[in-house]
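This report concerns only the one structure given below.
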Amino acid sequence: MSEDVLVIAEHLQGSFTDATFEALAIARALASQTGGSVEAAVVGANAEAMAAALGGADRILAVVDGTAAFDPTGHSGICADLVSSRSPKIVLVPYTSVGMDVASHIAIGNDLPLVSYCQSIDAESDLTATCQLYAGKIEADVTVEGDRAVFALLSGAGQAEAGRSGGVGEVEVLSEAAGAPGTTFIELSEPEGGDVDITTEEVLVVVGRGIESEDNIEEAQELAEALGGAVAASRPIIDQGWLAKSRQVGKSGLTVTPKVYLALGVSGAPEHIEGMRDSSTIIAVNTDPQAPIFGVAHHGWVGDIFDLLPELTDLLDN
């Protein structure tokens, strides 16, 4: 067993996801505790060409397997074999739809414990993690029995920018014969043209039931444009059909970590909070002083959002 920390890198259409760089940032902190190095595994047809983008790793293991798209069975098997041969102390996997497949295969294939829903990890003495349970209603501290483990990281657990720095690590190219695929890739479904990816926006103006009607969303849109951001919403707004599903924040929508999260008339149900609690600055406006959103907000104002919207928009425009 080494003292290294191995990150399973996730990529889509030739680019690494923010979750990968968040994992690299956490890996760097853990490696300073274990005394090991940070390794990153990249699997795919263009693995070698992509490796240079992982500046946060000391060493990049580029596994060229010839597949054009993610295959859960083949990709997971390659990663499990890689962990077996490298024997890292810690394996970090983004807890995404892809990571759910990969993490479990790695853990089972190497007889390692798997800790999911991780917000933070510590390796100072025992391997411990703080995890979210029951849609964020409970936080649990988990201590691993043994000296190796696989950890699945929630979005926002680390700072992506910190994981992008560090120059270019040593690249080790490995070959892996592609076996029979366990699934067949059909197509990648993306948001409709003209829509926005709220997970990449630095400023979000988020509307909840307090917006009252679809016509009032235009006021929120004007404020978002003045702030250089985008409009998003809680689930009730999406269920009404007032905004596209791609704008939904929360457990059944998307997890976002903008620099500014302005919640207008959002009550803050646990399922919603799970998708935005790691935003850098959360500002909440609600007429109910007991609204749960104030429990995670850095700044809050008890009042009518329609008193704020036009005043703030005019101030920004002028």
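The values are calculated or read from the model by the stated rules, or taken from the named source; none is laboratory data. Keep in mind that this is a model prediction, so the values were computed, not measured. Cβ placement follows ideal geometry from the backbone for every residue including glycine, while neighbour counts extend to all protein chains displayed.
Residues in the range 1-27 that are modelled with pLDDT of 90 or more and at positive phi: there are none. Among the residues of the range 223-231, at least one is without any contact (Cβ under 8 Å) to a residue 60 or more places away in the chain, farther than 24 Å from Glu22 by Cα and buried (at least 20 other Cβ atoms within 10 Å of the Cβ).
Taken as a whole, the range 262-278 holds at least one residue that is at positive phi and buried (at least 20 other Cβ atoms within 10 Å of the Cβ).
The C-beta contact set for the range 295-311 (first residue in a strand (DSSP E or B), second residue surrounded by 12 or more Cβ atoms within 10 Å (Cβ to Cβ) and of a type outside the set (Gly, Ala, Ser), distance under 6 angstrom, 6+ apart or interchain) comprises His299/Ile283; Gly300/Phe294; Trp301/Val285.
Residues being modelled with pLDDT of 90 or more and of a type in the set (D, E, K, R) are entirely absent from the range 175-189.
Screening Leu30 on (1) buried (at least 22 other Cβ atoms within 10 Å of the Cβ); (2) at pLDDT below 85; (3) not acidic (Asp, Glu) shows it passes everything except condition (2).
Show the residue pairs meeting these rules: Cβ distance below 8 Å; 6+ apart or different chains; first residue within the range 263-277 and basic (Lys, Arg); second residue at pLDDT below 90 and part of a loop (DSSP other than H, G, I, E, B). Every condition considered, the pairs that remain are Arg277/Gly136; Arg277/Gly156.
Going through (1) at pLDDT below 90; (2) buried (at least 19 other Cβ atoms within 10 Å of the Cβ); (3) not in a strand (DSSP E or B) one by one, Ala68 falls short only on (2). All conditions but one from (1) in contact with a Leu (Cβ under 7 Å, 6 or more places away or on another chain); (2) surrounded by fewer than 20 Cβ atoms within 10 Å (Cβ to Cβ); (3) not in a helix (DSSP H, G or I) apply to Val205; the one that does not is (2).
The residues listed here are Leu262, Leu308; of these, the one that is closer than 15 Å to Glu219 by Cα and at pLDDT below 90 is Leu308.
Within the range 31-40, the presence of at least one residue that is charged (D, E, K, R), out of contact with any helix residue (DSSP H, G or I) (no Cβ under 6 Å at 6 or more places or on another chain), part of a strand (DSSP E or B) and under 22 Å from His75 (Cβ atoms) is confirmed.
Residue-wise test of (1) small (Gly, Ala, Ser); (2) at negative phi.
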residue	(1), (2)
Val98	no, yes
Ala103	yes, yes
Tyr117	no, no
Ser125	yes, yes
Ile138	no, yes
Glu145	no, yes
Val150	no, yes
Leu153	no, yes
Ala157	yes, yes
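Annotation note: of Ser76, Ser120, the sole residue that is modelled with pLDDT under 95 and under 23 Å from Leu61 (Cα atoms) is Ser76. Residue count for the range 220-268 under the criterion of being assigned to a loop (DSSP other than H, G, I, E, B) and of a type outside the set (Lys, Arg): the result is 19. Screening Gly241, Gly229, Gly250 for residues that are farther than 29 Å from Leu133 by Cβ and out of contact with any strand residue (DSSP E or B) (no Cβ under 9 Å at 6 or more places or on another chain) leaves exactly one candidate, Gly241. Number of residues in the range 87-128 that are farther than 15 Å from Ala31 by Cα and not in a helix (DSSP H, G or I): the value is 13. Considering the range 1-22, and only residues there that are of a type in the set (A, V, I, L, M, F, W, C) and assigned to a strand (DSSP E or B), the residue that is surrounded by the fewest Cβ atoms within 10 Å (Cβ to Cβ) turns out to be Leu12.
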